[in-house]
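What follows is a single structure, written as structure tokens, with notes after it.
The values are calculated or read from the model by the stated rules, or taken from the named source; none is laboratory data. Quick caveat, the model's predicted, so the values are computed rather than measured. Cβ coordinates were reconstructed from backbone atoms using ideal geometry, including for glycine residues, and neighbour counts include every protein chain displayed.
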Amino acid sequence: MKFNVKKIMLVGVILTASSIVNIAKADIIFQQFGQFNAYTGGGTGISNDAVATTNYSFGGENFTIGLTATERFNNEDVTNDGAGTFFAKAGSNTPPSASAAGATWGFGFFLGMEGIKFADFSALQAAADSYMQTIAVDIYYDVDPTSAVDYGIISLWDLINGLAVKEAQGTQNLLFSFLNGPNLPAITTPTLDFNPNISGEYSFKIASTMSGPLGDRPESNPLAKVGINVVVVPEPSTLALFGLGLMALASRRFKKRS
């Protein structure tokens, strides 16, 4: 019996890639996806041509929340399907311009108001109704594609509600220690640690809700959400090694049957 080694290797690589992507997806939620000039990621040169955004109103003011994923420094470009799913390479490094190691990709967030500043809005809401008229804006970040429930949470509104600005935005890398270590004020870290070499689908969400007097964030009182997925795939060299392994296995079987 003859074996087509090249076909075996190709099928193996395809199956491997398929198993990476074939993971239960979280909800991808947005009103617009594409160029969003207001997003700078808190720096310069950060791509803003693929940002998922949602607009909503609360307390007489207009808000925008947004999410994106981009490559870190000079790593290989993060691509997307134009519909909220991004594609990045696994692995980590410390680029010359960086002070710490990070995954080759990261996620970016945006929260903005059209009218008054965050601090003024918080003061007005506190004076109007301290019970149900409190807004919460939380970022949910996924550190393990094998777990559907273990998310870290950044309580974004708790961090910025006293600031005299209209926008809060930035980029984060899942390898940063404060996203994986002990809980911090306004950050509830997941029970699992992020491994930049694990391939799979990572989910991110910003949820704005009406918060009760004790600071709870009831999902039953949602105002708006935006969500994206990032599919992380192995480096081409990893797939090549896998293919070579299949080729060697096929050759051994062929020799035994000859």
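Results, tabulated for the structure shown:
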| quantity | calculated |
| --- | --- |
| The lone exception for Thr64 - which of (1) surrounded by 21 or more Cβ atoms within 10 Å (Cβ to Cβ); (2) in contact with a Phe, Trp or Tyr (Cβ under 6 Å, 6 or more places away or on another chain) it fails | (2) |
| Residues that are within 16 Å of the chain's Cα centre (by Cα) and polar (S, T, N, Q), drawn from segment 189-210 | Thr189, Asn195, Asn197, Ser199, Ser203 |
| Qualifying residue in segment 155-162 (condition: assigned to a strand (DSSP E or B), surrounded by 20 or more Cβ atoms within 10 Å (Cβ to Cβ) and of a type in the set (A, V, I, L, M, F, W, C)) | no |
| Some residue of segment 92-105 being surrounded by 21 or more Cβ atoms within 10 Å (Cβ to Cβ) and closer than 24 Å to Ala207 by Cα | yes |
| Enumeration of residues in segment 27-76 that are among the β-branched types (Val, Ile, Thr) and touching a residue at least 12 places away in the same chain (Cβ under 8 Å) | Ile28, Ile29, Thr40, Ile46, Val51, Thr53, Thr54, Thr64, Ile65, Thr68, Thr70 |
| Filter pass, Phe118 being surrounded by fewer than 20 Cβ atoms within 10 Å (Cβ to Cβ), within 26 Å of Gln35 (Cα to Cα) and among the aromatic types (Phe, Trp, Tyr) | no |
| Residue count for segment 48-74, restricted to those that are assigned to a strand (DSSP E or B), within 24 Å of Ile198 (Cβ to Cβ) and not charged (D, E, K, R) | 5 |
| Residue within segment 16-27 that is at pLDDT below 95, touching a Gly at 6+ places or on another chain (Cβ under 6 Å), surrounded by 13 or more Cβ atoms within 10 Å (Cβ to Cβ) and assigned to a strand (DSSP E or B) present | no |
| Filter result for the condition that a residue is among the aromatic types (Phe, Trp, Tyr), in a strand (DSSP E or B) and either over 27 Å from Phe63 (Cα atoms) or modelled with pLDDT of 95 or more (or both), over Phe204, Phe194 | Phe204 |
| Candidate set: segment 67-78, residues that are among the polar types (S, T, N, Q) and surrounded by 20 or more Cβ atoms within 10 Å (Cβ to Cβ); chosen: the one farthest from Asp142 (Cα to Cα) | Thr70 |
| Test: residue in segment 36-47 that is assigned to a strand (DSSP E or B) and modelled with pLDDT of 95 or more | no |
| Filter result (outside any strand (DSSP E or B), touching a residue at least 40 places away in the same chain (Cβ under 8 Å) and within 19 Å of Asp142 (Cβ to Cβ)) within segment 79-96 | Ala83, Gly84, Ala90, Gly91 |
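Quick grid of which residues meet (1) in contact with a Leu (Cβ under 8 Å, 6 or more places away or on another chain); (2) of a type in the set (Lys, Arg); (3) in a strand (DSSP E or B):
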position	(1), (2), (3)
Glu76	no, no, no
Ala98	no, no, no
Phe109	yes, no, yes
Ala119	yes, no, no
Ala123	no, no, no
Ala126	no, no, no
Ile135	yes, no, yes
Asp138	yes, no, yes
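Residue-by-condition table, conditions (1) part of a strand (DSSP E or B); (2) surrounded by fewer than 18 Cβ atoms within 10 Å (Cβ to Cβ); (3) modelled with pLDDT of 70 or more; (4) not β-branched (Val, Ile, Thr):
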site: Arg217; (1), (2), (3), (4): no, no, no, yes
site: Val232; (1), (2), (3), (4): yes, no, yes, no
site: Thr238; (1), (2), (3), (4): no, yes, no, no
site: Leu244; (1), (2), (3), (4): no, yes, no, yes
site: Ala250; (1), (2), (3), (4): no, no, no, yes
